[in-house]
1. Kindly rank 15-25, 93-103 from highest to lowest mean number of other beta carbons found within 10 Å of each residue.
2. Looking at the square roots a ≥ b ≥ c of the eigenvalues of the Cα gyration tensor of the range 43-84, which shape do they give, rounded for a/c under 1.5, prolate if a/b is larger than b/c, or oblate?
3. Any number yet on Rg/Rh for the range 21-95, C-alpha, Kirkwood?
4. What are the principal axis extents of the Cα atoms in the range 1-136, in Å, biggest first?
5. Could you give the length gained on full extension between residue 158 and residue 204, defined as 0.36 nm per residue of separation minus the Cα-Cα distance, in nm?
6. First obtain the Kirkwood hydrodynamic radius of the range 61-162 from its Cα pairs, then insert it into the Stokes-Einstein equation at 4 °C and 1.567 mPa s, and state the resulting D in µm² per second as a whole number.
7. Could you sort the peptides 7-14, 52-59, 156-163 by per-residue average Cβ neighbour count (10 Å cutoff), highest mean leading?
8. Using a ≥ b ≥ c from the Cα gyration tensor of the range 178-242 (square roots of the eigenvalues), is it rounded, prolate or oblate, where a/c under 1.5 gives rounded and otherwise the larger of a/b and b/c decides, a/b for prolate?
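Quick note: the coordinates plus some simple rules give every number you see, no bench work behind them. As the structure is a prediction and not an experimental result, all values here were calculated from the model. As a convention, Cβ positions derive from the backbone with ideal geometry for all residues, glycine included, and neighbour counts pool all protein chains shown.
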């Protein structure tokens with residue numbers, strides 16, 4: 001049995017996964033719960049880890065269970081802000097209990113996920129630049145970019161972070177200098193292009209006051225990292241041709 005005092009944190013974590021992964025394997029280990037999967041389009045790899053310290057009770061045998069992540073997200077969407085969450089795994093079901101003003105029981109059948117027993121390898125990339133930016137600032141900058149296009153070009157030079165978007169309606173150029181809410185570190189200048197919708201969906205669950213890390217290399221996948229409570233989320237997003 002696993003108990004979380006805050007169902008909302010787990011709900012947001014599953015929502016962050018379900019944006020890209022419809023079916024996946026959750027691995028319950030002595031250290032916590034993890035999931036690593038690639039979306040059907042092969043554009044984004046999701047790497048999620050929930051440390052067992054996020055739970056007030058964590059008593060479960062190490063196991064790997066396949067679930068419909070979208071259905072799990074729908075169930076957790078019914079949680080109230082003050083609900084406690086209880087999870088347990090049987091031979092055929094993932095069992096959820098939400099306990100608050102009401103006590104509600106849900107069960108989700110376990111499924112076989114294709115190639116689920118194969119460990120997905122993390123890309124062995126050496127990044128040339130790292131930006132740590134306030135989540136709210138990044139979300140607002142991407143909203144600006146959506147006015148003009150469906151892709152965004154990220155650049156790093158002279159300790160400045162550039163966000164550019166182009167479309168038939170015009171061009172956006174945003175320049176962010178190092179400061180209280182932004183940290184820029186790089187060895188060489190970097191330029192790379194990505195899907196704007198994918199980046200927006202990746203960061204949507206990040207708290208506005210939290211920090212998002214972007215790691216880049218020219219014409220190479222982008223790594224985006226942030227935390228939701230005790231959950232660590234990493235995404236590897238394929239680049240587009242400039």
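1. On the way: 15-25: 20.5, 93-103: 15.3.
Put in order of decreasing packing, that is 15-25, 93-103.
2. Values: a/c = 1.61, a/b = 1.07, b/c = 1.51.
Because a/c hits 1.5 or more and a/b fails to exceed b/c, the range 43-84 counts as oblate.
3. Values: Rg = 13.1 Å, Rh = 13.7 Å.
Value, to two decimals: 0.96.
4. For the range 1-136, the Cα spread along each principal axis is 50, 37, 27 Å.
5. Numbers: separation 46, 0.36 × 46 = 16.56 nm, distance 2.84 nm.
13.7 nm is the gain from fully extending residue 158 to residue 204.
6. 70 µm²/s
7. On the way: 7-14: 22.1, 52-59: 15.4, 156-163: 17.5.
In decreasing order of mean packing, 7-14, 52-59, 156-163 become 7-14, 156-163, 52-59.
8. In terms of gyration-tensor shape, oblate.
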